[in-house]
Amino acid sequence: MLYEFKSRATGSVFMMQSVAEHILHIIGKSPGKTGIITVDQVPGAVAALRKAIEESESRQEDTRETDDRGESEDGETGSAVSLAQRAYPFIELIEAARQAGKDVTWGV
């Protein structure tokens with residue numbers, strides 16, 4: 001299932017359900033078929049996301065330090081998509097909406 005986040009000031013950002021619900025939990029919103037992030041809620045949402053991103057990156061650094069080879073158990077190298085990469089388009093959307101004085105809504 002896809003979540004679509006949008007406002008009257010921006011285009012849309014689409015996310016897979018698991019990612020969208022994780023981000024909604026970070027910003028203190030309950031996932032659901034529809035919802036709203038008001039202009040007044042944006043600064044707190046951005047702060048919560050940036051804090052979660054910092055914590056996530058710190059954990060990734062710790063993991064890299066303990067894994068000298070940089071390989072998974074099956075010998076593959078590579079990395080997962082980070083929270084920062086997933087959240088950045090959403091942060092851009094809600095900040096642009098706030099600057100325009102518009103709320104952000106979502107729907108499934």
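Couple of notes before you dig in:
- Hey, Ala9 under 19 Å from Ser82 (Cβ atoms) and either modelled with pLDDT under 95 or not β-branched (Val, Ile, Thr) (or both) or not: no
- Pairs are defined by a Cβ separation below 7 Å, a sequence spacing of at least 6 or placement on different chains, a first member in the range 83-104 that is of a type in the set (Val, Ile, Thr), and a second member that is in a helix (DSSP H, G or I); the pairs so defined are Ile91/Val46; Ile91/Leu49; Ile94/Val42; Ile94/Ala45; Ile94/Val46; Val104/Leu93; Val104/Ile94; Val104/Ala97.
- Boolean, Ser30 is outside any helix (DSSP H, G or I), modelled with pLDDT of 95 or more and of a type in the set (S, T, N, Q): yes
- Any hit, the range 1-21, residues being of a type in the set (D, E, K, R), touching a residue at least 40 places away in the same chain (Cβ under 8 Å) and surrounded by 13 or more Cβ atoms within 10 Å (Cβ to Cβ): yes
- Selection count where residues are touching a strand residue (DSSP E or B) at 6+ places or on another chain (Cβ under 8 Å), charged (D, E, K, R) and surrounded by 12 or more Cβ atoms within 10 Å (Cβ to Cβ), scope the range 22-52: 1
The values are calculated or read from the model by the stated rules, or taken from the named source; none is laboratory data. Just so it is clear, the model here is predicted, and its values are computed rather than measured. Neighbour counts run over all protein chains shown; Cβ positions are idealised from the backbone, glycine included.
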